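As structure tokens, the structure follows; a few thoughts come after it.
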Amino acid sequence: MVKKKGFFTRIGKTRIVPIGLKILLIFICLILLSNFATNIISIQLSQRQIITLNNTIMVEQLKELYNSSVNQYQIYSYSQKEAECLENMSQIAKTGFANENSIAMGVDKTGNIVFVSCNNESLFLSRFSDNETLDLLNSKFEEDVTEGSVSFTTIYGDFFGVYKYQPDWEFYLIRAEKRSDLKKNTFIVYLYTSILIVVLTSIFIIIGYIILNRVFGTVRTFTAELLQMQKDKQLSLIDLSEAPNDDITYMAASFNNLSSSVNNLLATFQKFVSKDVVAKAYSDQVINLEGSQRELTMLFSDIKSFTYRTETLGNDIIDVLNVHYDRVIHKVHVNNGVVGSIIGDAILAVYGTLNSKMSKSYDAIRSAWDITRETEKLRESMIARRKEIEETRKLTESEERVYQAVLLDVGVGIDGGNVFYGNIGSQEHMANTVIGDNVNSASRLEGVTRVYHLPVIVSEYVKNEVEKESARYKFFEIDTIQVKGKTEGKKIFFPFDTNEMDESLLEKYKKFETALYAYYEGDWKTARKVFKETELEAAEVFLERMGLRGAPEDWSGIWTMTSK
């Protein structure tokens, strides 16, 4: 089942994701991954450069501070004002601070902080607490290494920087930055970079969506048409009138070519098998040797005097049959029937295998009358053609024979009940068929239409089913017969179409039924009288059957047929 739910189309429980959306999502992920990876690598490399540059700056500031300490020591040598000189060094160091926790200080070999200068006034240090670092500096000093990089820990966090030993003052000059300041700056860079990436990516997503939406517009159109075909269970051609010249359009054109080939095969297939088999083959994708007991209605139609027509027309009988069946089969399909088989001049139609608003027997009777009317129209066209010819000349003897041969007349018998319906044969060749006593009964009912001179005769099963849902057809009992090969009598009925026949004919059939009941009761005298009054051809059958005799002593009302 195909349905639309939100942005996606669903087939059953499966969500169909547009290919354009998949491509867009893939590109989004790749763009974001590429941008973030590139910028992270760039930031990491830049951070190294920043650290290197920062160390260079701190080295320069340390040199300046060192030179200042030399000068301040000379001043101290004359003034002996140590505190003032140290304060001057502190002020000079502060002029080069760039970060919040930039620090410069003098630390003697025992860890005492001689002076300290910091941008953050809340940061207060009285002693160098990182003894491990101090020991390392002293150890290097013993090895005559008096300057280099340094990392140390305080109660305020981790610091890194550079140092140089001041021999005059006998302490280490240290210029350092707090690591968290550098990480904070890096985080800000990350943040701004990420925001910039997201904004730019969003812009490109919108642009990409617009472009892909146009590029894959035809794909959506093709998909919608394919889904509709699946829903309708009917292959059709995709409209390529506005499609661009690309490989997707080429794929759709290839599908159209395949669709045309399949439709041609399917059309040929439909001509040789019934509609329900075609529908099953389309939906299940396979046809197996299988069948089941089903309650169906069978219609059997046969052309009367077919042997004479064949002898007269020769091979031309095929053309006449094709004209006849073209109309007959159409009426079967219109009335929700399927053609079970065509046997020369006879056709077997089955009702109940397809969905219908009315009962299967109702559809069968409607088909029977449609077939009768179409055959009558064909006869009328032949009669009109004869009149047209006879306006200039009379028909020759051979033309007269041909004329009589093409005046087709049919009989239709209908019965229903439980039958076997399905496929029989082998995996190499199989046929769809209906098998059962009711199928044979429909054929025999068609045969007795010739006896009673009626176009349509149905069984009691058909009568009862139709009377439950419609008053259009009024059923008149024609006789109770015992066909050849059966031991029980079977009532047969004529379905009078109240929409088509006049009231005078209706009264005749009512009178016929009155005569029939007298016939059943053995009152043949009364039956003869009433049958004569009906002026129906069917009544002539009973008048001939009864003659001037009375009913036999063992009369049961059942007439035994001597032929099929």
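On full extension, the segment bounded by Leu395 and Glu142 gains 76.6 nm, given 0.36 nm per residue less the C-alpha separation.
Here the calculated FRET efficiency for Ile207 and Glu469, from their Cβ-Cβ distance with R0 = 51 Å, stands at 0.20, rounded to the nearest 0.05. The charge dipole of the stretch 330-374, taken about its Cα centre with unit charges on the Cβ atoms of Lys, Arg (+1), Asp and Glu (-1) only, comes to about 180 debye.
In this structure the amide hydrogen of Ser341, modeled in the peptide plane, comes within under 5 Å of the amide hydrogens of Leu348, none closer than 5 places in sequence on its chain. Where a ≥ b ≥ c are the square roots of the eigenvalues of the C-alpha gyration tensor, would you call the stretch 125-197 rounded, which needs a/c under 1.5, or, failing that, prolate if a/b is larger than b/c, or oblate? The shape class here is prolate.
Answer rounded, prolate or oblate for the stretch 460-544, using the Cα gyration tensor with square roots of eigenvalues a ≥ b ≥ c: rounded when a/c is under 1.5, else prolate when a/b is larger than b/c, else oblate. Oblate is the answer for the stretch 460-544, as a/c is 1.5 or above yet b/c matches or exceeds a/b.
Exceedance of the 18 Å cut-off in Cα-Cα distance is limited, within the set Lys474/Lys508; Lys63/Lys183; Lys331/Lys357; Lys109/Lys164; Lys140/Lys164, to Lys63/Lys183. Here's how it looks for Ala551: its modeled amide H is under 5 Å from those of Trp524, which are all 5 or more places away or on a different chain. Among the GluC sites (Glu not before Pro) within the stretch 380-461, which fall in a DSSP loop and have no more than 10 other Cβ atoms within 10 Å of their own Cβ? Passing both the DSSP loop test and the Cβ count: Glu391, Glu428. Overall form of the stretch 346-432: prolate. Here a/c, set by the Cα gyration tensor axes a ≥ b ≥ c, is 1.5 or more, and a/b is the larger of a/b and b/c.
Quick note: the coordinates plus some simple rules give every number you see, no bench work behind them. Just so it is clear, the model here is predicted, and its values are computed rather than measured. Ideal geometry is used to build each Cβ from the backbone, glycine not excepted, and the neighbour counts take in all protein chains shown.
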